[in-house]
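What follows is a set of notes on a single structure, which appears directly below.
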Amino acid sequence: MLPKPIAERLKRNPSAIADGFPEVTMLFADVVDFTRMSASMPPERLVAWLNDVFSQLDTVADRFGLEKIKTVGDSFMAASGLPTPRPDRAEAAAEMALRSGGCWPAARRPKAGRSPCASEFTPTRWWPG
């Protein structure tokens, strides 16, 4: 899925787009000790867990206006300041980082509340237990 401004540009002019963004803040999240955790979890549960975590991170990214760039394995990457530049890009990325720490443990407990994990400060590094 493309960001809305990019999709609109492609509708108007279906050619390659190559823009430069001099001021962008990147956010990267990774599950610590994922290999050990995944070895002890059935594949169906692991995929469901990752889907839950990434869905919650998507919600938090939307809330703070970050653009999800990619998810690979247990990693999540988002950008602030593109495709639309913004002067508060670093603050928005920091807010997401501070608020998204709760996505990890909440996702480990599927019966836990389904809020988008941005309601309270929690550490942004989480080690599965």
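Annotations for the structure displayed:
- Relative to one another, the C-alpha centroids of the range 57-86 and the range 22-49 are positioned 15 Å apart.
- Summed residue charge, Cβ within 12 Å of T71's Cβ, Lys/Arg positive, Asp/Glu negative: -1
- Computed magnitude of the charge dipole of the range 1-55 (debye, nearest 20; Cβ of K, R +1, Cβ of D, E -1): 300 debye
- As a rough footprinting exposure proxy, the listed residues S15, S100 were ranked by other beta carbons within 10 Å of their own, and the order from fewest upward is S15, S100.
- Note on the range 1-99: Cα-Cα pairs beyond 17 Å make up 58% of the total pair count.
- FRET efficiency, N51 to F28 (Cβ-Cβ, R0 25 Å, nearest 0.05): 0.85
All of the numbers you see were taken from the coordinates with simple rules; none came from a lab. Remember, it's a predicted structure, so these values are computed and weren't measured experimentally. Please note: Cβ atoms are built from the backbone with ideal geometry, for glycine as well, and neighbour counts cover all protein chains shown.
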